[in-house]
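K.L.:
Mind having a look at this structure? Questions to follow.
The values are calculated or read from the model by the stated rules, or taken from the named source; none is laboratory data. Here the structure is a predicted model, which is why all the values come from computation and not from measurement. In this analysis, Cβ positions are derived from the backbone assuming ideal geometry, glycine residues included, and neighbour counts consider all displayed protein chains.
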Amino acid sequence: MSGALEIFWQMSARDYGEVASDASAGREQQAVNRSGRQKISAPRISHEAERTRNPRCLLGIKMSQVAIKRCKDYNTENMQRAVEEAVGLLGGIEKFVKLGQKVLIKPNLLSPRPPEHGVCTHPEVIRAVIRLVKKVTQDISVGDSHGGFEVISMDNVYEVSGMKAVCAEEGVKLVKFDTAVNIDGIPFAKAVKDADVIINVPKMKTHGLLILTGAVKNMFGAVIGKHKAEAHFKHIARQDFASYIIKIFMHVKPVLSIMDGIVAMEGDGPAAGSLRNAELILASDDAVAMDVVFSELAGVTPESLLTTYYAGKMGLGTSSLSGIKISGEALRDVRLKDFKLPKASFIYDAPRWVIKIFGRSVRTYPFIKVDACVKCRICEKNCPAEAINIDKNEIDYSKCIFCFCCHELCPHNAIGVRKSLAGKIAGFILKVRQRKKNGD
């Protein structure tokens, strides 16, 4: 397994570009007729037909399953019902948790942000999962590690995010990821490795570096402390960082993932984007398949998500919609129309000729919003490259590795993202090109 992983670590951007370009071209061919202008509408089919028309399903080949349920808000009763129904479509909680097993529920707790900011997994989703698991076992804990390594306190994250209150009310343990178990050179939290069962509860959000952050990326939180920053510094290229995420995921695959998509984040996530009422709960025993469905909901080709692409190639999950059975809501009925992606996302799907013309000058970069900055120094002290000087309101771009950790961790949204001049020109060209293809 490790040998195969090394092969994928060595995949070049050019190799991945060919795959992504081919996939993109295939989608474009389906969307327009031979003239390249008129869109072809797909014939409407029944929900049952949508689920069973796949040849794999008809042939009896085992498919991954993703359940989708609507839930209009975080009301406790509504939340409990949606989570139970979603997991019920997969076979019920008893399929994943056995009597007496030690269960770790792992939310996405990026930083000390309150539930209404939509940055962290909502505490009511965690409450619903706790109550569901209690039907089988009482040995339950909740835990995560935040995205930084300095200034930010995990106690503060648990307090502000609402996790401390929910765990106290439900009588479950809230654990810190402060003791490491080294596996394959990675310091995993002992609490993660000690668990018999991991239930992964990610937040439906965008991500500046990886486009979307979902079930697979959420397991990055299984490692402790400063190692996250070191990982960014050692794996600067997007392809390398995605491969490293997969290396982590390979060691801590959850048995069940339940995605909080009641309020999603679009735009410049995972912390400074815009909130959107998606009103959805997703559940699956295949985290990779869940991310494929999330990408389809957001209008992103699954091949554009490097974590999904690499995980599929490694056999860690289903990375193609054709291998996924969707239960509950029909995908076409819950798509997130005009879902806004991060500013940097246009670079990753840009045609080769654009990159050839503009080269590495096509990029996005972080900048300090001086009027919003309160000098808390969270960005400065958590910068892996030590490129930020808050006293001078400067970012040294000769040192910056463009990981956007500063953008993710700033609690005041005082770190913005800009396109370079070449990026703006390239973006304009791509928009014009897309409009012509769409016949606008």
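Rundown of residues vs (1) among the aliphatic types (A, V, I, L, M); (2) without any contact (Cβ under 8 Å) to a residue 40 or more places away in the chain, yes/no style:
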position	(1), (2)
ASN108	no, no
GLU116	no, yes
ILE126	yes, no
VAL129	yes, no
LYS135	no, no
GLY143	no, no
SER153	no, no
VAL172	yes, no
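K.L.:
Would you check which residues across the range 246-271 are of a type in the set (Gly, Ala, Ser) and buried (at least 24 other Cβ atoms within 10 Å of the Cβ) and list them?
P.N.:
Filtering the range 246-271 down to residues of a type in the set (Gly, Ala, Ser) leaves 257, 261, 264, 267, 269, 271.
Those that are of a type in the set (Gly, Ala, Ser) and buried (at least 24 other Cβ atoms within 10 Å of the Cβ): SER257, GLY261, ALA264, GLY269, ALA271.
Here's the yes/no breakdown for (1) basic (Lys, Arg); (2) assigned to a loop (DSSP other than H, G, I, E, B):
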position: LYS98; (1), (2): yes, yes
position: LEU104; (1), (2): no, no
position: ARG127; (1), (2): yes, no
position: LEU132; (1), (2): no, no
position: HIS146; (1), (2): no, yes
position: ASP155; (1), (2): no, no
position: GLU159; (1), (2): no, no
position: LYS164; (1), (2): yes, no
position: CYS167; (1), (2): no, no
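K.L.:
From the residues in the range 301-333 that are aliphatic (A, V, I, L, M) and surrounded by fewer than 22 Cβ atoms within 10 Å (Cβ to Cβ), which one is nearest to SER243 (Cα to Cα)? If you could, list the steps in order and put the result at the bottom.
P.N.:
Here is the first cut: in the range 301-333, the residues aliphatic (A, V, I, L, M) are 305-306, 311, 314, 316, 321, 324, 326, 330-331.
Pick out the ones that are also surrounded by fewer than 22 Cβ atoms within 10 Å (Cβ to Cβ) and you get 314, 316, 321, 330-331.
On the way: MET314: 10, LEU316: 13, LEU321: 21, ALA330: 32, LEU331: 29 Å.
Among residues in the range 301-333 that are aliphatic (A, V, I, L, M) and surrounded by fewer than 22 Cβ atoms within 10 Å (Cβ to Cβ), the one nearest to SER243 (Cα to Cα) is MET314.
The rows are residues; the columns are (1) under 26 Å from the mean Cα position of the chain (by Cα); (2) modelled with pLDDT of 90 or more.
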{"site": "ALA372", "(1), (2)": "no, yes"}
{"site": "CYS379", "(1), (2)": "yes, yes"}
{"site": "ASN393", "(1), (2)": "no, yes"}
{"site": "LYS399", "(1), (2)": "no, yes"}
{"site": "CYS410", "(1), (2)": "yes, yes"}
{"site": "ILE415", "(1), (2)": "yes, yes"}
{"site": "VAL432", "(1), (2)": "no, no"}
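K.L.:
Now a separate question. Within the range 181-229, which residues are in contact with an Asp or Glu (Cβ under 7 Å, 6 or more places away or on another chain), modelled with pLDDT of 95 or more and among the β-branched types (Val, Ile, Thr)?
P.N.:
Matches in the range 181-229: VAL201, THR206, VAL216.
K.L.:
Does ASP291 qualify as being of a type outside the set (Phe, Trp, Tyr), within 30 Å of GLN101 (Cβ to Cβ) and in contact with a helix residue (DSSP H, G or I) (Cβ under 7 Å, 6 or more places away or on another chain)?
P.N.:
Details: of a type outside the set (Phe, Trp, Tyr): yes; within 30 Å of GLN101 (Cβ to Cβ): yes; in contact with a helix residue (DSSP H, G or I) (Cβ under 7 Å, 6 or more places away or on another chain): yes.
Answer is yes for this residue.
The rows are residues; the columns are (1) within 24 Å of CYS405 (Cα to Cα); (2) assigned by TED's automatic domain parsing to the domain that holds LEU109; (3) of a type in the set (A, V, I, L, M, F, W, C).
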| residue | (1), (2), (3) |
| --- | --- |
| LEU174 | no, yes, yes |
| VAL181 | no, yes, yes |
| GLY208 | yes, yes, no |
| ALA215 | yes, yes, yes |
| ALA231 | yes, yes, yes |
| TYR244 | yes, yes, no |
| ILE248 | yes, yes, yes |
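K.L.:
Taking only the range 148-170 into account, find how many residues are out of contact with any strand residue (DSSP E or B) (no Cβ under 9 Å at 6 or more places or on another chain) and either at pLDDT 95 or above or buried (at least 22 other Cβ atoms within 10 Å of the Cβ) (or both). Spell out the reasoning first.
P.N.:
First, the residues of the range 148-170 that are out of contact with any strand residue (DSSP E or B) (no Cβ under 9 Å at 6 or more places or on another chain): 148-153, 156, 159-160, 162, 165, 169.
Among the residues that remain, those that are also either at pLDDT 95 or above or buried (at least 22 other Cβ atoms within 10 Å of the Cβ) (or both) are: 148, 156, 159-160, 162, 165, 169.
Residues flagged as out of contact with any strand residue (DSSP E or B) (no Cβ under 9 Å at 6 or more places or on another chain) and either at pLDDT 95 or above or buried (at least 22 other Cβ atoms within 10 Å of the Cβ) (or both) within the range 148-170 amount to 7.
K.L.:
Okay, next question. Return yes when ILE390 is surrounded by 12 or more Cβ atoms within 10 Å (Cβ to Cβ), out of contact with any strand residue (DSSP E or B) (no Cβ under 9 Å at 6 or more places or on another chain) and among the β-branched types (Val, Ile, Thr) and no when it is not. Before you say what the answer is, go through the steps one by one.
P.N.:
Numbers: surrounded by 12 or more Cβ atoms within 10 Å (Cβ to Cβ): yes; out of contact with any strand residue (DSSP E or B) (no Cβ under 9 Å at 6 or more places or on another chain): no; among the β-branched types (Val, Ile, Thr): yes.
So ILE390 does not fit the description; no.
K.L.:
Out of curiosity, is ALA168 among the hydrophobic types (A, V, I, L, M, F, W, C) and free of Cβ contacts under 8 Å to residues at least 12 places away in the same chain?
P.N.:
Numbers: among the hydrophobic types (A, V, I, L, M, F, W, C): yes; free of Cβ contacts under 8 Å to residues at least 12 places away in the same chain: yes.
Judged against the criteria, ALA168 is a match.
K.L.:
Same structure again: Mind checking which residues of the range 71-96 are in contact with a strand residue (DSSP E or B) (Cβ under 7 Å, 6 or more places away or on another chain) and in a helix (DSSP H, G or I)?
P.N.:
ALA82, VAL83, GLU85, ALA86, VAL87, LEU89
K.L.:
Considering only helices (runs of 4 or more DSSP H) fully contained in the range 223-314, which possess at least 1 residues that are under 25 Å from ILE93 (Cβ atoms)?
P.N.:
238-251, 287-298, 306-313
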